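Inspection log for the structure reproduced underneath, given as structure tokens.
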Amino acid sequence: MIRLATDVGGTFTDLVGYDERSGELFTAKSLTTVDDQSLGVLDAIAVAEAKDGLRTRDVTFFAHGGTTVINAITERKGVRTALVTTAGFRDVLEIGRGNRPDLYNLQFHSPEPFVPRHLRFEVRERLDASGQVIVPLELDDLRPIIARCQAEDIEAVAILFLHSYANPEHEILCAGILADALPFATICASHEVSRQWREYERTNTVVLNAYVQPIIQNYFEQLKRSLTRRNLTCPYYAMQSNGGISTFDQAVASPLTLVESGPAGGVAGAARIGTAIGESEVLSLDVGGTTAKCSLIHGGRPTLNVEYRLEHTRIAPGHAIQVPVVDIVEIGSGGGSIARIDDRGVLIVGPQSAGSSPGPACYGRGGLKPTLSDAILTIGVFDPATFAGGSLHLDKQKAKEAIATIAGPLGLAIEDAAIAIIEIAHASMINALKLVTVQRGHDPRDAVFVVSGGAGPALATRLGRDLSVKATVIPPHPGIFSAWGMLAAEPRADFRSTWFAALSTQALADMSVRFKGLETEAVAYFAKGEDADIRFTYQVEARYRGQEHGVFTHVEPDDDVRGFTERFHAAHERAYSFRLADAAIEITTLHLEAVLNGAVIALPKIEPTGSSAALTGHRNVYFGGTRGWISCPVYARGLLAPGQFIEGPMIVEEATATTLVQENQVLSVTDTGILIIRETSVEAE
Amino acid sequence: MSPATLCVDPVTQEIIEGKLMATVDEMGIVMARTSMSPVIYEVLDFACGLLTAEGELVAQMNGITLFTGTFGVQVKALIAKFAGNLFDGDILLSNDPYAGGTHACDFAIVKPLFAEGRIVAYAINVAHYLDVGGSVPGSLAPNATSVFQEGLRLPGVKVVRSDVFSDEILNIISENVRLPEIALGDLNAQVATVRVAARRMAELSSKYGITTVQAAFANLLDTSEKRSRAAISLLPDGCYEATDIIDGDGVSATPIVVTVAVTIAGDSIAADFTGCPPAVAGPINCARGALQSAVKTIIKAMVGPQAPSNEGWFRPLTVIAPSGTIFTAEKPSPTGWYYEGSVHASELVWKALAPLMPSRFSAGSYSSLCVVYISGTDKSGQPFIHIEPQHGGWGGSEHRDGANAVIALTDGDTYNYSVEVIEARFPLRVKRYGFNVEGGAGAGRRRGGFGIVREYEILSKDASAYGSFGRTSTLPWGMDGGGSGTANVLQITPADQGEPQSYGRVAHIDLKSGDLLRVVTGGGGGWGDAQQREPGLIEQDLQNGFLTEAEASALYGYERRIAG
């Protein structure tokens, strides 16, 4: 039976299908339809039907990733939303944290809130930090608010009361009354989406959740109707930002969990590849058209970001939201990134991108500015004729002309200017890759480096060499890897709650009880009965007394004080390079990760071929001034034999990507067709 | 060959610059997440940087503007003091306000970074310590009259030798501060950051060689200087003056008149503070290093606000001021609240230059960080100190209303404190945190932004507060015909329903359970004639409750049509 995934990206909608009986994998692409993304999904399905004979009634599993949520937020196209909050605090959403990261800008403003002041309403009520009621909820205050919401045609209401993470009773009561009084509006209370403290971050979380909820609800309903009409009826799943999947209904209840849906698919895929080759430490890099995204898988599991901020930059505070998002560092270097010389005379690559229209100069669609893809083509890694399976003919002359515009001012030959563009992109990728590893206490030498995206495999082996990774790994179908990864994701939910306790035997007993409570919630969430096969992973955020920020540490619910203490010291030392052996330890947050064990995509074994069958020719590649042009053998990936070893320099081509193997590296092919590249002179431990 | 004459190709240059920024950012991440004191972790009152072997700043993290120009002065002072006596594995500590520092609470940790047996750079981390001893908890008595009341001073000592902490120095610190566990925790965090910098610089030196790295430093400084000069050249030559009033020094409320004359000549700029009064009795004085920083902040805002900061930008600048003034205080003048003084040096230059380049400036802001210290004992009898800078209203600019509730010029990437976190930690309950709408903001074609009101109910039986608020009577200035902003004030309403008392700079207020402490920050000044404000914007302010109909009529001459 067939497992199908569709990933809606900025330009293309990718489809990957996997036939569980035959092990056959098929792929399709369509243009993304911006206003209603479900149309592009149906187009991709139609392509697969025509090309590979996909029969929708054979589909037993459907996973979907898209950008509906993040687009609604960044384009501010959510619904008309109101906020109901504790008396005295309606401006918290607009004040935010009041920081000015754009230090020297005397005209700096905080980001605009998603609910304007006149739609933020106050209710008398108050809890203290332990959840005790100080002032009961004043129900009379709700009446005028209901009237205003009706008059203003409010479509969604967010509710945030202070300290609701400790006791949600006022929010529950208020939500019930508003739901009765405003039957056409979505009502969303903060404790339903976050049980963590910090009122601004939780307010923003519940507001954005409410703001997009009706939109994602409509979208999924539309998609479900269309799929049903095409006889594609099976459980539907949405790709979540935490690297797992959820049912459409679960996603609608908590739409913000979809905010980084696409990139999370790639991370789930990288984790799956790690499992396939027996590696639990994986550094993943996905090089798209506009950006490159990197992430770390530690102990076989994606790392989550503890303080995710939408639209955050060096100089913009962004919008903090408290949902589990895979820790992804994104930088403005992708295949379409434009190279230019700035007013200092320095060469810059990105963050401006030529996108897909006009695209890099070599696409011949009117782009005149040199991009990273033009540089890769110019040094000979890409073949103009076979690129993208021959569907897009690249114009090498146009690429050279574009690069000449910067080569002249830099006083470089064209191929050296191309190398310079690659070097700059390379350096910023290295900085980002170090941010997710070294700067967070992980050693890249312990990790395998899984690289995907159209331009990724062309750059991978140099990056891997600079980082001294164990091996560089090119997964199957690197150009549509996010969609592939969605077939590797399992149903997952994260339960995170603020809970404050000084470490003691009693506290650990309480912790154990609280984890049991979260487990019960998880069982209810998956709705597969008491005996559902769920994997639980337990983490706590803890800190030395006096610190504010903590470190997430893996624990077991039956840890004793000594065992817990050692785990925490070790985690702190890994993250921050020191431990305070005598300092008291405090627990601030519990985090239960619950994964429902399910079937994930298997990697079918590839067929043996003759050892030379894959060699399709030779091509000259420029390796920079000292090495010059070198003739490299070119292999077709689909014809490589399992167990085959090939020494670099060499090139591997496939429909969605081109892999370059450097001198003094050797490529090996696993029995499932994964490419593993290692240095030939591996130093002893 | 000297580094300055050595050429670095533009590709290597860009890669090295990227690595420098990545390194200072990494130092900042380590610091923010591992420090013990709330001043650092919640309000991020610290900064990290990298400097050349000569002590010229080449990279600085996004932190606060107060440290814009202090790093170079501090490191140069330490270079002079330790000439020839620094070895790989040494780390220096200094908190001397007069040797380029700011106030005794700021501990600078400096590590010389070695490659091939010689110093190639310095890494610095400066952080505000919660308490460094002295006459009051938090070490900043608003009425201090000498530096000896402001805590322990360690003007340049080796806190680490050959990678080993000096037990003597740690002992001196822990015996002289009120919260030694926090202080030593912060020291550990600071040392971790400069060690991170050492590792990253070693990677850079081994990959490119120290000659290339040092040449890249020189190029970076020269390029920034060129860009700075180019921007200054676009401004009309001339002398531009401004005066302002500082509302008291903490010892007396007497207004203090300060003045500047800024001269632009070709591609150079000079700020002359001659004529400012001698150092005052109270602690709002600043030393010369902080004055430099204050002026550099505005120059950077004018010539290249978004570009990474380094010393090159400031080469076209000369700061002139005789010694011993309020902006160039010397030992033993108190400097605990130096930023309450130095912000006025910034604002003078800002006010003088704003008309020349409206695209980069705004009208006057609430200016003062309005820091309040609340201390006492909690339910379990443990001492606590809660320190909080407050956010406020900024001035309008040519095309946009002023910003509501963002942090004052002297800070930067500085967060407000979460109400839920405060209440879990301290015996305080926040009754209100919102815009100071009733206080208003400067009217104008583009009005000022609003300040905040933050009300604390005291839940401790035994507490006290102190603080130092500026701009309590001299209001934020309007520009181009815009109205003045509004005042900052600290108010206490006793539990027994007495009348609220108002304060500005106050050394001690006794507090008991049920008392209400109210922080009010002002709105910014307006830009342009209020009568020219578009009706649509006035309607929007009415709808959002930023303006009453009476105010709309009085300030803007606007009469609301009755909604249909």
Subject >> Inter-chain Cβ neighbour average for residues B:273-281, partner chain, 10 Å >> reply: 0
Subject >> Debye, to nearest 20: dipole size of the protein assembly as shown, +1 on Lys, Arg Cβ, -1 on Asp, Glu Cβ >> reply: 1480 debye
Subject >> Residues A:E556 and B:A202, FRET efficiency given R0 of 35 Å [Cβ-Cβ distance, rounded to 0.05] >> reply: 0.35
Original post:
In peptide B:15-22, how many Cβ atoms from other protein chains are near each Cβ within 10 Å, on average?
Top reply: 4
Original post:
To the nearest 0.05, what FRET efficiency results for A:T228 and A:R80 with a Förster distance of 25 Å applied to their C-beta separation?
Top reply: 0.25
Original post:
Label point 7 Å out from A:K51 along Cα-to-Cβ: which residues of segment A:379-394 have amide N under 20 Å?
Top reply: A:383-394
Subject >> Cβ crowding within 10 Å averaged over residues, with A:645-655, B:119-129 ranked highest first >> reply: B:119-129, A:645-655
Original post:
Got the relative contact order for segment B:3-226 handy, in percent, Cα pairs under 8 Å and 6 or more residues apart?
Top reply: 26 percent
Subject >> Relative packing of A:259-271, B:49-61, which averages over residues the other C-beta atoms within 10 Å, highest first >> reply: A:259-271, B:49-61
**OP:** About the Cα centre of chain B, how large is the charge dipole given +1 on each Lys and Arg Cβ and -1 on each Asp and Glu Cβ? Please answer in debye to the nearest 20.
**Re:** 460 debye
Original post:
Helix by helix, which DSSP H runs in chain B go 30 Å or more along their axis at the Cα atoms and have an average Kyte-Doolittle hydropathy of -0.5 or more?
Top reply: B:10-34, B:180-208, B:210-233
Original post:
Say each of A:A404 and A:R314 gets a label point 7 Å from the Cα, pointing the same way as Cα to Cβ; how far apart are those two points in nm?
Top reply: 3.4 nm
Subject >> Exceeding the 20 Å Cα-Cα cut-off - candidates B:K379/B:K512; A:K400/B:K207; B:K81/B:K207; A:K369/A:K398; A:K51/A:K396; B:K111/B:K158 >> reply: A:K400/B:K207; B:K81/B:K207; A:K51/A:K396
**OP:** For B:D106, enumerate residues with amide H under 5 Å from its amide H, sequence gap 5+ or separate chain, H modeled in the peptide plane.
**Re:** B:Y129
**OP:** Would you work out which of B:Y558, B:A345, B:T193 lies farthest towards the positive end of the dipole of chain B? Charges go on Cβ: Lys and Arg +1, Asp and Glu -1.
**Re:** B:T193
**OP:** Please compute the net charge surrounding B:T521, taking Lys and Arg as +1 and Asp and Glu as -1 over other residues with Cβ under 10 Å from its Cβ.
**Re:** +2
Subject >> Inter-label distance for A:M1 and B:S473, nm, one decimal - labels placed 7 Å from Cα along Cα-to-Cβ >> reply: 8.2 nm
**OP:** List every residue whose amide H lies under 5 Å from the amide H of B:V371, counting only residues 5 or more places away in sequence or on a different chain, with H placed 1.01 Å from N in the peptide plane.
**Re:** B:Q390, B:S468
Original post:
So how far apart, in nm, are the two label points at A:D58 and B:R118 if each is 7 Å from Cα heading toward Cβ?
Top reply: 7.3 nm
Original post:
Looking at the protein assembly as shown, what % of its DSSP beta bridges pair antiparallel, to the nearest 5?
Top reply: 80 percent
**OP:** Could you tally the net charge around B:R505, taking each other residue with its Cβ under 12 Å from the Cβ of B:R505, Lys/Arg +1 and Asp/Glu -1?
**Re:** -2
Original post:
Across segment A:438-445, in residue order, what do the Karplus-derived ³J(HN,Hα) couplings come to in whole Hz, using 6.51 cos²θ - 1.76 cosθ + 1.60 with θ = phi - 60° and x for Gly and Pro?
Top reply: 3, 6, 10, x, 10, 9, x, 5
**OP:** Would you order A:Y363, B:Y339 from fewest to most other beta-carbon atoms within 10 Å of each residue's own beta-carbon?
**Re:** A:Y363, B:Y339
Original post:
Which whole-number percent gives the relative contact order of chain B, counting Cα pairs below 8 Å spaced six or more residues apart?
Top reply: 13 percent
Subject >> Residue mean of other protein chain beta carbons inside 10 Å, B:420-432 >> reply: 5
Original post:
Tell me, in nm to one decimal, what length is gained between B:S135 and B:R400 on full extension, where the rule is 0.36 nm per residue of separation less the Cα-Cα distance?
Top reply: 90.9 nm
Original post:
Among B:R178, B:R533, which comes first, then next, by fewest other beta-carbon atoms within 10 Å?
Top reply: B:R178, B:R533
Original post:
Between A:L639 and A:R445, 0.36 nm times their residue separation minus their Cα-Cα distance comes to what?
Top reply: 66.8 nm
Original post:
By how many nm would the segment from A:A179 to A:V600 lengthen if fully extended, with 0.36 nm per residue of separation less the alpha-carbon distance?
Top reply: 147.7 nm
Original post:
With +1 on each Lys and Arg Cβ and -1 on each Asp and Glu Cβ, how big is the dipole of chain A about its Cα centre, in debye rounded to the nearest 20?
Top reply: 1160 debye
**OP:** Provide B:W313, A:W629, A:W499 in ascending order of the number of other Cβ atoms located within 10 Å of each residue's Cβ, fewest first.
**Re:** A:W629, A:W499, B:W313
Original post:
So which helices of chain A fit the span-like rule, where a helix is a whole DSSP H run, its Cα atoms reach 20 Å or more along the axis, and its mean Kyte-Doolittle is at least -1.0?
Top reply: A:37-52, A:199-229, A:261-276, A:396-410, A:414-436, A:505-526, A:561-576
**OP:** May I ask you to derive the FRET efficiency for B:S513 and A:E307 from their Cβ-Cβ distance with R0 = 41 Å, giving the value to the nearest 0.05?
**Re:** 0.70
Subject >> Mean Cα-pair separation over length for segment B:362-533, i.e. relative contact order, pairs under 8 Å, 6 or more apart, % >> reply: 31 percent
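Any read-out appearing in this document is the output of simple, stated calculations on the displayed coordinates, not a laboratory observation. No experiment lies behind these values; they were computed from the predicted model shown. Cβ atoms come from the backbone with ideal geometry, glycine included; neighbour counts cover every protein chain shown.
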